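Step one of this worksheet: look at the structure below.
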C-alpha cells in the first residue's frame, strides 16, 4: 500500500514537472499579460459553467435529503456531509477542466508549429 502511494507520488511529481515545463514554454512564446488574461478568462468561464451545474446539483441534494427524515436519519448531517463532498468535487472539476483546456491549447500550438 505504501509502495503504491510512493509510486503515485513519484508519477505525480514527474507529470507536474513535465506539464509545468510545457506551460512555461507555451507561455514564453506569448506576451505575459496575454497569457495571464487568457488563463483568468478561462478560469472564470469554467467556474461560471460549473457553478451553475453545482447549484442545480445542490437543489437535487436538498430534495433528496428531505427523504432521509423518513428513514430516521438526521437530514442536516447528511446534507452537510454530501454538500461538502460536492463542493470538493466542484473544485476538482474546475481545475481539471481549466487545465485540460490549457493543455489542449498547448497541443494545438505544437501541432501547428
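Each value in this text was obtained by applying a stated rule to the coordinates, not by laboratory testing. It should be emphasised that the depicted structure is a prediction, and the values quoted were computed from it without experimental measurement. Cβ: placed from backbone, ideal geometry, glycine included. Neighbour counts: every protein chain shown.
Evaluate the following for residue 52: is it within 19 Å of residue 19 (Cβ to Cβ), without any contact (Cβ under 8 Å) to a residue 12 or more places away in the chain and surrounded by fewer than 12 Cβ atoms within 10 Å (Cβ to Cβ)?
Working: within 19 Å of residue 19 (Cβ to Cβ): no; without any contact (Cβ under 8 Å) to a residue 12 or more places away in the chain: yes; surrounded by fewer than 12 Cβ atoms within 10 Å (Cβ to Cβ): yes.
No.
With respect to residue 82, determine if the residue is within 22 Å of the chain's Cα centre (by Cα), over 27 Å from residue 20 (Cβ atoms) and surrounded by 15 or more Cβ atoms within 10 Å (Cβ to Cβ).
Yes, satisfied.
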Of these, 73, 29, 19, 61, which one is farther than 26 Å from residue 101 by Cβ and in contact (Cβ under 8 Å) with a residue 24 or more places away in the chain?
61
